[in-house]
Amino acid sequence: MSSGLSRARLGRLHDVMARHVERGAVPGVVTLVDRRGELHVDAIGTKAVGGSDPMRRDTIFRITSMTKPVTAVAAMILVEECGLRLDEPVDRWLPELADRKVLRRLDGPLDDVVPAHRPITLRDLLTFRMGFGMIMEPSGDYPIQRAVNDLGLRLGPPKPATPHAPDEWMRRLGTLPLMHQPGERWMYNTGSHVLGVLIARAAGEPLETFFRERIFAPLGMRDTGFGVPREKLDRLATSYWTSADTGGLELHDGVADSQWSRPPAFPDGAAGLVSTIDDYLAFGRMMRDMGRHGSERILSRPSVEAMSTDQLTPAQKAASGDFGGFWEPRLGIRHGRRHPARRRRRGPGTLRMGRRLRHLVGLRPEGGPGGHPDDPAGGISAALTRPPRLLDVGVPGDRRLTSLSNPRALARRPVEQPERRSKP
């Protein structure tokens, strides 16, 4: 085949996915491969265990942690427009996070604290280094964990959702000390929760409105949002996770009574979106094409390169724990040998879109590896960050990220005129 897609390998892909359905690991699955303009889509099984409604190409899924790249793109749009700056404290927009105190010990009492060495920045939120997040240790009885639960912050899987609106959620978060010093280590998830609030405040409009106007509408992502309209509920897949007792599938979220059947109190920038495989393909193509969608630019090329480059230092990774090889490259953005991003000098630890999974996105209704519903892609959102040694250069009417590895080249680089974009 001229595109390089092998019918035999596509057949093997189908067989592997079909076996997952046949043995009851999932009720259904949708896979899509996009290579050089040729699409292969395969829908297998049903949308619910024991159901008769077949899985379809337009089935709507809860994409959980695949929300995080969308939130990061929204933040970088504001960076490019000078609405936010990567290395400035977020206190201006998030005064609840000003003058932070930090626990002396993660398992210590909430009043045993020291002052934070420095403020939290946008870069910290994007790289999950704000000093607050999900605690991966098995103990759930640390005082800070009990306080998080008592305040209803809901830092884990997207269901159950927090009942608090963004301002109240931030107020409650601001009453707690940080778990670690800002920039010290990586802690999952909470950075994206906070990032969603920051984007909405900096943009002066609800997070979903900003997403829709600046990302979803330009990309044609008509079925992506923080909830499913009543007229589309019949396309929503039932969500399951693995029962700890039986090892089988257990209902996590239904359809008629789905948490996503109504607008959320807190639009969750970490794991709150629903989408379809074609909608997410449009987003993935935009990232693959260095921020372009047809003739329109959603994001600058340097921003996309930054997002697809590992940001954490070896010391930060060591301090954060191993998590069973989590830091090894798995899913991210993988560029072919001739792609422009591969011809430029890259920082260490470049993230890939999976080994030999270049343009593959799979959405499953039951959740992620081990049945956990918080990460269906097993790490596609693992590093939404930027490479070290990058500087924000403010240009009137524009915002560009420029490498400091060759300052003379920066001086010679012509200033590009910003592209004019009309609101959709």
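Does Glu231 satisfy the criteria of being modelled with pLDDT of 95 or more and either more than 23 Å from Leu125 (Cβ to Cβ) or surrounded by fewer than 21 Cβ atoms within 10 Å (Cβ to Cβ) (or both)? Walk me through it before giving the result.
Details: modelled with pLDDT of 95 or more: yes; either more than 23 Å from Leu125 (Cβ to Cβ) or surrounded by fewer than 21 Cβ atoms within 10 Å (Cβ to Cβ) (or both): yes.
Yes.
Filter the stretch 254-275 down to residues that are out of contact with any Phe, Trp or Tyr (no Cβ under 7 Å at 6 or more places or on another chain), within 20 Å of Asp58 (Cβ to Cβ) and buried (at least 23 other Cβ atoms within 10 Å of the Cβ), then give me how many there are.
So the count comes out to 1.
Matching residues to (1) under 18 Å from Pro119 (Cβ atoms); (2) crowded, with 20+ Cβ neighbours inside 10 Å:
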{"residue": "Gln145", "(1), (2)": "no, no"}
{"residue": "Leu151", "(1), (2)": "no, no"}
{"residue": "Pro160", "(1), (2)": "no, no"}
{"residue": "Pro163", "(1), (2)": "no, no"}
{"residue": "Asp167", "(1), (2)": "no, no"}
{"residue": "Thr175", "(1), (2)": "yes, no"}
{"residue": "Leu178", "(1), (2)": "yes, yes"}
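Would you confirm whether or not the stretch 76-87 contains a residue that is among the charged types (D, E, K, R) and either part of a helix (DSSP H, G or I) or buried (at least 17 other Cβ atoms within 10 Å of the Cβ) (or both)?
Residues of the stretch 76-87 among the charged types (D, E, K, R): 80-81, 85, 87.
Applying the additional criterion that residues be either part of a helix (DSSP H, G or I) or buried (at least 17 other Cβ atoms within 10 Å of the Cβ) (or both) yields 80, 85.
Checking the stretch 76-87: at least one residue is among the charged types (D, E, K, R) and either part of a helix (DSSP H, G or I) or buried (at least 17 other Cβ atoms within 10 Å of the Cβ) (or both).
Would you call Gln181 without any contact (Cβ under 8 Å) to a residue 12 or more places away in the chain and more than 21 Å from the chain's Cα centre (by Cα)?
Numbers: without any contact (Cβ under 8 Å) to a residue 12 or more places away in the chain: no; more than 21 Å from the chain's Cα centre (by Cα): yes.
So Gln181 does not fit the description; no.
Can you find, within the stretch 150-159, the residue that is modelled with the highest pLDDT among those that are of a type outside the set (A, V, I, L, M) and within 23 Å of Phe226 (Cα to Cα)?
The first filter runs over the stretch 150-159 and keeps only residues of a type outside the set (A, V, I, L, M), leaving 150, 152, 154, 156-159.
Adding the requirement that they be within 23 Å of Phe226 (Cα to Cα) leaves 152, 154, 156-159.
On the way: Gly152: 95, Arg154: 89, Gly156: 83, Pro157: 86, Pro158: 89, Lys159: 89.
The extreme case among them is Gly152.
Using the structure shown, decide if Met221 is in contact (Cβ under 8 Å) with a residue 40 or more places away in the chain, closer than 26 Å to Gly37 by Cα and part of a loop (DSSP other than H, G, I, E, B).
Values: in contact (Cβ under 8 Å) with a residue 40 or more places away in the chain: yes; closer than 26 Å to Gly37 by Cα: yes; part of a loop (DSSP other than H, G, I, E, B): yes.
So Met221 fits the description; yes.
Quick one: which residue in Thr246, Thr309 is within 30 Å of His180 (Cα to Cα), of a type in the set (Ser, Thr, Tyr) and not in a strand (DSSP E or B)?
The unique qualifying residue is Thr309.
Would you confirm, using the coordinates I've provided, whether Leu5 is outside the structural domain of Val194 (by TED's automatic domain parsing), at pLDDT below 95, among the hydrophobic types (A, V, I, L, M, F, W, C) and part of a strand (DSSP E or B)? Walk me through it before giving the result.
Values: outside the structural domain of Val194 (by TED's automatic domain parsing): yes; at pLDDT below 95: yes; among the hydrophobic types (A, V, I, L, M, F, W, C): yes; part of a strand (DSSP E or B): no.
Judged against the criteria, Leu5 is not a match.
Taking the conditions exactly as written (charged (D, E, K, R) and part of a helix (DSSP H, G or I)), does Asp234 satisfy them or not?
Details: charged (D, E, K, R): yes; part of a helix (DSSP H, G or I): yes.
Spelling it out, Asp234 is indeed charged (D, E, K, R) and part of a helix (DSSP H, G or I).
Would you mind stating whether Arg288 is free of Cβ contacts under 8 Å to residues at least 60 places away in the same chain and charged (D, E, K, R)?
Values: free of Cβ contacts under 8 Å to residues at least 60 places away in the same chain: no; charged (D, E, K, R): yes.
Criteria not met by Arg288.
Results for (1) at positive phi; (2) touching an Asp or Glu at 6+ places or on another chain (Cβ under 8 Å); (3) among the hydrophobic types (A, V, I, L, M, F, W, C); (4) touching a residue at least 12 places away in the same chain (Cβ under 8 Å), shown as yes or no for each residue.
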site	(1), (2), (3), (4)
Leu103	no, yes, yes, yes
Pro109	no, no, no, yes
Arg129	no, yes, no, yes
Ile135	no, no, yes, yes
Arg146	no, no, no, no
Thr175	no, no, no, yes
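The values are calculated or read from the model by the stated rules, or taken from the named source; none is laboratory data. Computed from a predicted model, the values in this text were never measured in an experiment. Positions of Cβ are backbone-derived with ideal geometry, glycine not excepted, and every protein chain shown enters the neighbour counts.
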